[in-house]
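**Q** One structure follows; several queries about it will come next.
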Amino acid sequence: MSETQSGSRKLLGRLKQALAEPAEGQERLDRITRLIAEEMATPVCSIYLFRDEDTLELCATEGLNPESVHKTRMRMGEGLVGRVAASTKPINTGNAPSEAGFRFMPETGEEIYSAFLGVPIQRLGERLGVLVVQSKESKPYSEDQVYATEVVAMVLAEMTELGAFIGEGAAMAAPHQHPVMLRGSVGQEGAAEGRVLLHEPRVVVTNPFADDAESELVRLGEAVDKLRISVDEMLTSADMTDKDQRDVLEAYRMFANSKGWKRRMEADINRGLSAEAAVEKEQTAARARMEQVPDPYLRERLHDLDDLSNRLLRLLTGQGSHTGVEMPENPVLVARNIGPGELLAYGRGLKGIILEEGSVGSHAAIVARALAIPLVINCERITTEALNGDPVLVDGEQGIVHLRPEESVATAFRDKMAMMTKAQERYASIRRVPATTVYGPTIRLDMNAGLMADLPSLKSSGAEGVGLFRTELQFLVRSKLPSRGDLAATYSRVLDAAEGRRVIFRTLDIGSDKVLPYMKPQDEPNPALGWRAIRVGLDKPGVMRMQLQAMIRGAKGRPLSVMFPFVAQFDEFRVARRRLLDELDREEKMGHVLPEKVEIGAMLETPSLAFAPRQFFEMADFISVGGNDLKQFFFAADRENERVRRRYDTLNVSFLTFLEWIVMRCNETKIPLSFCGEDAGRPVEALCFAAMGFRALSMRPASIGPVKHLLRRSNLAEVRELIDDARAGGAQTVRPALMDWLRQQG
Ligand code: PEP
Ligand code: MG
């Protein structure tokens, strides 16, 4: 063992002793600063900890004026200490006063110390404070001293996590105990109160010290071997056909076999850390790098390394799987990201979901929406801040999360939830009555669905039928292409559950954001404008035909409604429709029973289709406006892009005028028209669509009550007059005028 290794082992050994002795938090910190100063033969050692997100406080010192403890404070980025905290990188200088940002703090009795070494106290991306040593010598600290200080800082971070410095004279606030409010984006509306269930619980390193370096090295070696084998097994497994997944695993393999990674961890063990602490030290360093790397590709690779470190920690500690973790009451799932299959495995028991990443159109979001579970996405820091069992409030309406909320916040939130429940009760009372507006007409309200699990909502919501059944979920949640038999059985069960109500099956709408795990991903510059939906179906007739056969067989003689998504020109519809008719012929010849009646419709999701020849409108049995896509193409604003997706109002007069045009085209040929995008489920939007002439709307089941409630109280002629006045007056959107009017109506 080298001299430096034995030096830091000795320091860690003494630190371990100091921490093992019973003491209050402040006393412990005081002892530690004394001990470090002694061992490093340096006159000053100080510990600064975060008081709040932006303020560092001197919490213990050896060598500076003890009076300044808990008085001297600085902001993030202020002075050298603040710079270390902000950059999460050490500063080591032999001439501190000449360093950018140096600030003399006379209250600390600080003489001018030339040498300054500050290292961040951080744990897995969470900044906790700064550890500083200073001396009068005008040369920087040696590399070994820097290393020893970093190791001590890491142990301090671990002990902080374990609450070692909390107590009388509170040196610091306990981590993970104070209330935090985090802002994300709306993934699925709704509100929930519950307790955190971490998808991948964090591993707590309970002993950062190596009692016996040799045995720790063996433990690390064995765990790394197991890790390599598991990565190899995943790579050779039969369902590894997805290129992205393969790329990730290849990156895992590269890291798992990286000699540098293992060597650095071994060196940490030789310097006195336990195997798990060594893994975590490397992981913390990787996270700190992750924050600084602007290149998204490199960031992803660092994410991979982070995941791999978690796996290694789980192997070493046996912690981290859900075994042994009790499912809390009213669980709110917290994850960095999650696949649709994993989410479905948790099922409807979840009260809410919070994701650190994710996007509105991600598969997880689609499933959360199908299960009607409030979802907040892009919620930064949630996986670092939340612990299993923490109380949490999910405000899916605003995309806000309150972790460990104060009682006053929780009470206000509960009031809001109670109001929402009251409203639900009011909606339940009108479940069986039609959505007849004042002086007529009646608007047909259907629901959107995508899973078997959605079907019970048909009865509870009062929907007349299913206006859009998104069939891709059956494809998305599987690891391989489902068979025709499986699909036919699913479609049949859907029709059973609908008990004679109409269900419109939309053929596979994949591509763009919806990528099948077993489909070769397309590298397209603009996936939303690329090879998707009916374009894939027409170019790859095999899957489309298989699905159409499954629909015909699943109908078992009952009426069948099929809708083709994303039709941009007449010919696409003509060819797809012909295919369905051909399949009907073929099935008949094979002796299968045919549906009693077949309706074939198209989704109008591209502006071009609104200008299709009259023959298209004569041929289609019905048309449904896919407003989510139609709006993104009408305004040229990506529905997935947080920066622009809310930029244009659905009630913009141009869009409403366009919808009026579509209504007019459909009325010319008396073809039934509906609107099935998300906007149909927003009461004010739904009211305007009805005023523009839509007589059928399809929406999430939870929206049927609120939409019906408003429609039944509104006079469409008055609303239309208001819209026409706003248009004539040059308004950009009719929303302000409409909201004023609604307010007047009470
Ligand atoms: C739409 O585009 O409005 C629609 C209903 O389809 P999806 O959201 O599945 O693309
Ligand atoms: Mg669409």
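The values are calculated or read from the model by the stated rules, or taken from the named source; none is laboratory data. Since the model is a prediction, treat every value here as computed from it, not as a measurement. Positions of Cβ are backbone-derived with ideal geometry, glycine not excepted, and every protein chain shown enters the neighbour counts.
**Q** Restricting attention to the range 591-599, does a residue exist that is touching a strand residue (DSSP E or B) at 6+ places or on another chain (Cβ under 8 Å) and within 16 Å of ligand 2 (Cβ to nearest atom)?
**A** No, the conditions are met nowhere in the range 591-599.
**Q** Tally up the residues in the range 558-579 that are more than 16 Å from ligand 2 (Cβ to nearest atom) and either assigned to a helix (DSSP H, G or I) or among the basic types (Lys, Arg) (or both), please.
**A** Of the residues in that region, 8 qualify.
**Q** Just to be sure, is residue 694 of a type outside the set (Asp, Glu), touching a strand residue (DSSP E or B) at 6+ places or on another chain (Cβ under 8 Å) and at pLDDT 95 or above?
**A** It is true that residue 694 is of a type outside the set (Asp, Glu), touching a strand residue (DSSP E or B) at 6+ places or on another chain (Cβ under 8 Å) and at pLDDT 95 or above.
**Q** Let me ask you something else. Can you tell me which residues in the range 643-681 are in contact with a helix residue (DSSP H, G or I) (Cβ under 7 Å, 6 or more places away or on another chain) and in a loop (DSSP other than H, G, I, E, B)?
**A** 649, 650, 651, 669, 671, 677
**Q** How many residues does the range 560-582 hold that are away from ligand 1 (no atom under 16 Å from the Cβ) and among the hydrophobic types (A, V, I, L, M, F, W, C)?
**A** 7
Let's see how each residue does on (1) aliphatic (A, V, I, L, M); (2) closer than 29 Å to residue 282 by Cβ; (3) in a loop (DSSP other than H, G, I, E, B):
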| site | (1), (2), (3) |
| --- | --- |
| 71 | no, no, yes |
| 83 | no, yes, no |
| 117 | yes, yes, no |
| 129 | no, yes, no |
| 134 | no, yes, no |
| 137 | no, no, yes |
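**Q** Here is a further query. For the range 568-579, check the following and say yes or no: at least one residue is aliphatic (A, V, I, L, M) and either crowded, with 20+ Cβ neighbours inside 10 Å or out of contact with any Ser or Thr (no Cβ under 9 Å at 6 or more places or on another chain) (or both). Please lay out each step first, then the result.
**A** First, the residues of the range 568-579 that are aliphatic (A, V, I, L, M): 568, 575-576.
Remaining after also requiring either crowded, with 20+ Cβ neighbours inside 10 Å or out of contact with any Ser or Thr (no Cβ under 9 Å at 6 or more places or on another chain) (or both): 575-576.
Looking through the range 568-579, at least one residue is aliphatic (A, V, I, L, M) and either crowded, with 20+ Cβ neighbours inside 10 Å or out of contact with any Ser or Thr (no Cβ under 9 Å at 6 or more places or on another chain) (or both).
**Q** Right, next: Scan the range 37-52 for residues that are within 30 Å of residue 385 (Cα to Cα) and among the β-branched types (Val, Ile, Thr) and jot them down.
**A** Passing the criteria: only 47.
**Q** Here is a further query. Which of the residues belonging to the range 645-679 are acidic (Asp, Glu), more than 14 Å from ligand 1 (Cβ to nearest atom) and touching a strand residue (DSSP E or B) at 6+ places or on another chain (Cβ under 9 Å)?
**A** Across the range 645-679, the qualifying residue is only 649.
**Q** Also, quick follow-up: Considering each of 491, 518 in turn, give the residue that is modelled with pLDDT under 95, of a type outside the set (Lys, Arg) and more than 16 Å from ligand 2 (Cβ to nearest atom).
**A** 518
**Q** To continue, here is another question. Take residue 481 and tell me if it is of a type in the set (A, V, I, L, M), in a helix (DSSP H, G or I) and either at pLDDT below 95 or not assigned by TED's automatic domain parsing to the domain that holds residue 565 (or both).
**A** No; evaluated as a whole, the condition is false for this residue.
**Q** Is it true that residue 639 is within 28 Å of residue 695 (Cβ to Cβ), assigned to a loop (DSSP other than H, G, I, E, B) and within 14 Å of ligand 1 (Cβ to nearest atom)?
**A** It is true that residue 639 is within 28 Å of residue 695 (Cβ to Cβ), assigned to a loop (DSSP other than H, G, I, E, B) and within 14 Å of ligand 1 (Cβ to nearest atom).
**Q** Can we say residue 624 is surrounded by fewer than 18 Cβ atoms within 10 Å (Cβ to Cβ), within 16 Å of ligand 1 (Cβ to nearest atom) and over 27 Å from the mean Cα position of the chain (by Cα)? Working first, answer last.
**A** Details: surrounded by fewer than 18 Cβ atoms within 10 Å (Cβ to Cβ): no; within 16 Å of ligand 1 (Cβ to nearest atom): yes; over 27 Å from the mean Cα position of the chain (by Cα): yes.
When the stated conditions are applied, residue 624 does not pass them.
**Q** Within the group 523, 496, which residue is away from ligand 2 (no atom under 16 Å from the Cβ), in a helix (DSSP H, G or I) and acidic (Asp, Glu)?
**A** Answer to the selection: 496.
**Q** I've got another one for you. Pick from 605, 668, 685: which is crowded, with 18+ Cβ neighbours inside 10 Å and more than 15 Å from ligand 2 (Cβ to nearest atom)?
**A** Values: 605 fails: more than 15 Å from ligand 2 (Cβ to nearest atom); 668 fails: crowded, with 18+ Cβ neighbours inside 10 Å.
Criteria check complete, one pass: 685.
**Q** Give just the number: which of (1) at pLDDT 80 or above; (2) surrounded by 16 or more Cβ atoms within 10 Å (Cβ to Cβ); (3) over 21 Å from the mean Cα position of the chain (by Cα) does residue 286 not satisfy?
**A** Evaluating residue 286 over (1) at pLDDT 80 or above; (2) surrounded by 16 or more Cβ atoms within 10 Å (Cβ to Cβ); (3) over 21 Å from the mean Cα position of the chain (by Cα) leaves (1) as the failure.
**Q** Another question, if that's okay. Residue check, residue 698 against (1) touching an Asp or Glu at 6+ places or on another chain (Cβ under 6 Å); (2) part of a helix (DSSP H, G or I); (3) within 26 Å of residue 614 (Cα to Cα), all met but one. Which one?
**A** (2)
**Q** What single numbered condition from (1) within 22 Å of residue 272 (Cα to Cα); (2) modelled with pLDDT under 90 fails to hold for residue 47?
**A** So the condition that residue 47 fails would be (2).
**Q** Among the residues of the range 584-607, which ones are within 15 Å of ligand 1 (Cβ to nearest atom) and either assigned to a strand (DSSP E or B) or of a type in the set (Ser, Thr, Tyr) (or both)? Can you show your working first?
**A** Just the residues of the range 584-607 that are within 15 Å of ligand 1 (Cβ to nearest atom), to begin with: 601-607.
Listed by number, the residues that qualify are 601, 602, 603, 604, 606.
**Q** Moving on to the next point. If you check every pair at least six apart or on different chains, which have Cβ atoms under 9 Å apart with a residue in the range 439-452 that is under 8 Å from residue 467 (Cβ atoms) first and a residue that is aromatic (Phe, Trp, Tyr) and more than 16 Å from ligand 2 (Cβ to nearest atom) second?
**A** Short answer, once both residue conditions are applied: none.
**Q** Still on this structure, I have one more. Tell me which residues, restricted to the range 269-278, are out of contact with any strand residue (DSSP E or B) (no Cβ under 9 Å at 6 or more places or on another chain) and within 16 Å of residue 223 (Cα to Cα). Break it down into steps so the answer makes sense when it comes.
**A** The initial filter retains those residues of the range 269-278 that are out of contact with any strand residue (DSSP E or B) (no Cβ under 9 Å at 6 or more places or on another chain), namely 269-271, 275-276, 278.
Within the range 269-278, 269, 275, 276, 278 meet the criteria.
**Q** So, of the residues in the range 526-553 that are among the aliphatic types (A, V, I, L, M), within 16 Å of ligand 1 (Cβ to nearest atom) and over 26 Å from the mean Cα position of the chain (by Cα), which turns out to be farthest from residue 634 (Cα to Cα)?
**A** Among those residues, the one meeting the criterion is 536.
**Q** On the phi > 0 side of the Ramachandran plot and either over 32 Å from the mean Cα position of the chain (by Cα) or within 16 Å of ligand 2 (Cβ to nearest atom) (or both): which single residue out of 677, 746, 729 fits that description?
**A** On the way: 677 fails: on the phi > 0 side of the Ramachandran plot; 729 fails: on the phi > 0 side of the Ramachandran plot.
None of the other options fit; the residue is 746.
**Q** Related question: Can you tell me which residues in the range 608-620 are within 16 Å of ligand 1 (Cβ to nearest atom) and among the hydrophobic types (A, V, I, L, M, F, W, C)? Let's see the steps before the verdict.
**A** The initial filter retains those residues of the range 608-620 that are within 16 Å of ligand 1 (Cβ to nearest atom), namely 608-610.
609, 610, listed by residue number.
**Q** Does residue 93 satisfy being β-branched (Val, Ile, Thr), outside the structural domain of residue 382 (by TED's automatic domain parsing) and closer than 28 Å to residue 276 by Cβ?
**A** No.
**Q** Filter the range 608-659 for residues that are touching a Cys at 6+ places or on another chain (Cβ under 9 Å), among the β-branched types (Val, Ile, Thr) and without any contact (Cβ under 8 Å) to a residue 40 or more places away in the chain and give the result.
**A** Within the range 608-659, 650 is the sole residue that qualifies.
**Q** Something else now. Say we look at the range 608-628 and pick out the residues that are within 16 Å of residue 689 (Cβ to Cβ) and assigned to a helix (DSSP H, G or I); which of these is farthest from ligand 2 (Cβ to nearest atom)?
**A** 610
**Q** Another question, then. Which residue pairs have Cβ atoms under 6 Å apart, sit 6 or more places apart or on different chains, and have a first residue in the range 574-602 that is over 15 Å from residue 506 (Cα atoms) and a second that is acidic (Asp, Glu) and in a strand (DSSP E or B)?
**A** Short answer, once both residue conditions are applied: none.
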